[in-house]
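To start, the structure itself, in structure tokens.
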Amino acid sequence: MTSHLFSPITIGGVTLANRIAVSPMCQYSAVDGSANDWHLQHLGSLSVSGAGMLVVEMTAVTPEGRITPACLGLYSDANEMALERIVATCRRWGNSRLGIQLAHAGRKASVHVPWQGGKPLSATEGAWQGVAASATAFDHDWPPPQALDADGLARIRDAFAVAAQRADRLGFDLVELQGAHGYLLHSFLSPAANCRDDRYGGSSENRMRFPLEVAAAVRAVWPSTKALGMRITGFDWIEGGLTSTEATLFASALKYAGFDYVCVTSGGISPQARPMIEPGYQVPFAETVRRDGKITVQAVGMIADPYQAEAIIADGRADCVALARAFLDDPRWSWHAADSLGADIAFPPQYHRSRPNLWPGAVLARPHRGVGH
Ligand SMILES: Cc1cc2nc3c(=O)[nH]c(=O)nc-3n(C[C@H](O)[C@H](O)[C@H](O)COP(=O)(O)O)c2cc1C
């Protein structure tokens, strides 16, 4: 039987060997936005995982757009230079197509790294002013952001485009914009965070306007020979929040704007949101967006079992799956999934001896690990 999960797919101008993506994961380990040896070993290891696509963590397009002082950025020449070595390593040794998630943290910026509590920085700790759709704080003990004016909107829109040009120069195959998890673009989309009374607030059309302006600015500079997508929210899990109907409308607008895919996630707009978390809990949102939005869709969220992932693709609920924590736990997740599903997958030759069936000339009835050298 041929595996659906391990069948190739073309997204935009990029063909992936299979339908598995390593989801973007913040590492909170950068210095002044620049990547270092942590990112090299983290991404280097994941780039030989056999996943069709590996997406670099949320990467800020301006310094104030970082969630924490240790978040990755792509707003300076130094940031670009630091990523160059990492991209070159992943391309030389790895077998995944490489993407990067570009983002602005909006009203969730200027906080401590999670393992130091994740709460807002104080002035003495170097806090900076957050910006958002409206001047409403994320939580009662968080500082209020400034509502962006026309100049601020134009500055951030242009910063997304400049960062995308840097990503192109670096050789990334794919850019994904972060339009979810309560960050800047989501703060415009969601009625739970956007209280504006100008042309960027109110109706769905108005709330989509700024994210679509950013999308158009990035589309204009990002080559059509590569892939372009956005991570969007399928549901806000809060009364008066964004629904999957609006998510679908937004996905269709992105498709119309020339985007190649969306990754459908949920939550993050407010601490009052109450997601019902269980295996595959966001897949129904992905399925709705795929069916009604007619765009290539990636499903994400508590997908960790190969048969579960296979069924999501085989049943037509999503075109690809993205996994985050499963890859932290087991960077060889795809190898083991391929074993379970009887599929072929790329291996670096240096690791062939973990796969006895790949030893030159070897005919072994059973795996025979740890013998010889
Ligand atoms: C350590 C960590 C960092 C994350 N950072 C990001 C990020 O940079 N951008 C993003 O969109 N989601 C981020 N997420 C969310 C994941 O990409 C994913 O959507 C979520 O963990 C659910 O998938 P999972 O159940 O496979 O972990 C992060 C998750 C983890 C565990």
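Readers should treat all values here as calculations from the given coordinates under stated rules, not as data from a laboratory. Because the structure is predicted, anything quoted here is derived from the model rather than measured. Cβ coordinates were reconstructed from backbone atoms using ideal geometry, including for glycine residues, and neighbour counts include every protein chain displayed.
Would you check if there is a residue in the stretch 296-303 being touching a residue at least 24 places away in the same chain (Cβ under 8 Å), more than 16 Å from the ligand (Cβ to nearest atom) and buried (at least 19 other Cβ atoms within 10 Å of the Cβ)?
Among the residues of the stretch 296-303, at least one is touching a residue at least 24 places away in the same chain (Cβ under 8 Å), more than 16 Å from the ligand (Cβ to nearest atom) and buried (at least 19 other Cβ atoms within 10 Å of the Cβ), which makes the answer yes.
Which count do you get for residues in the stretch 259-268 that are assigned to a loop (DSSP other than H, G, I, E, B) and either within 12 Å of the ligand (Cβ to nearest atom) or within 11 Å of Gly179 (Cα to Cα) (or both)?
Final tally of qualifying residues: 3.
Condition (residue is among the small types (Gly, Ala, Ser) and within 16 Å of the ligand (Cβ to nearest atom)) applied to the stretch 121-137: is it met by at least one residue?
no
Out of everything in the stretch 2-41 that is under 23 Å from His352 (Cβ atoms) and within 12 Å of the ligand (Cβ to nearest atom), what residue ends up being surrounded by the most Cβ atoms within 10 Å (Cβ to Cβ)?
Here the residue is Ile20.
More than 21 Å from Leu16 (Cα to Cα) and not in a loop (DSSP other than H, G, I, E, B): which single residue out of Phe235, Phe210 fits that description?
Phe210
Confirm whether Val283 is buried (at least 23 other Cβ atoms within 10 Å of the Cβ) and under 16 Å from Leu5 (Cα atoms).
yes
For the stretch 167-195: of the residues being crowded, with 24+ Cβ neighbours inside 10 Å and in a helix (DSSP H, G or I), which is farthest from the ligand (Cβ to nearest atom)?
Result: Phe188.
Can you confirm whether the stretch 47-59 contains a residue that is out of contact with any strand residue (DSSP E or B) (no Cβ under 7 Å at 6 or more places or on another chain), part of a loop (DSSP other than H, G, I, E, B) and of a type in the set (A, V, I, L, M)?
The answer is yes, given that some residue of the stretch 47-59 is out of contact with any strand residue (DSSP E or B) (no Cβ under 7 Å at 6 or more places or on another chain), part of a loop (DSSP other than H, G, I, E, B) and of a type in the set (A, V, I, L, M).
Name every residue in the stretch 62-106 that is more than 20 Å from Lys226 (Cα to Cα), in contact (Cβ under 8 Å) with a residue 60 or more places away in the chain and either surrounded by fewer than 21 Cβ atoms within 10 Å (Cβ to Cβ) or away from the ligand (no atom under 11 Å from the Cβ) (or both), in order of residue number.
The answer is Thr62, Pro63, Glu64, Gly65, Tyr75, Asn79, Trp93, His104, Gly106.
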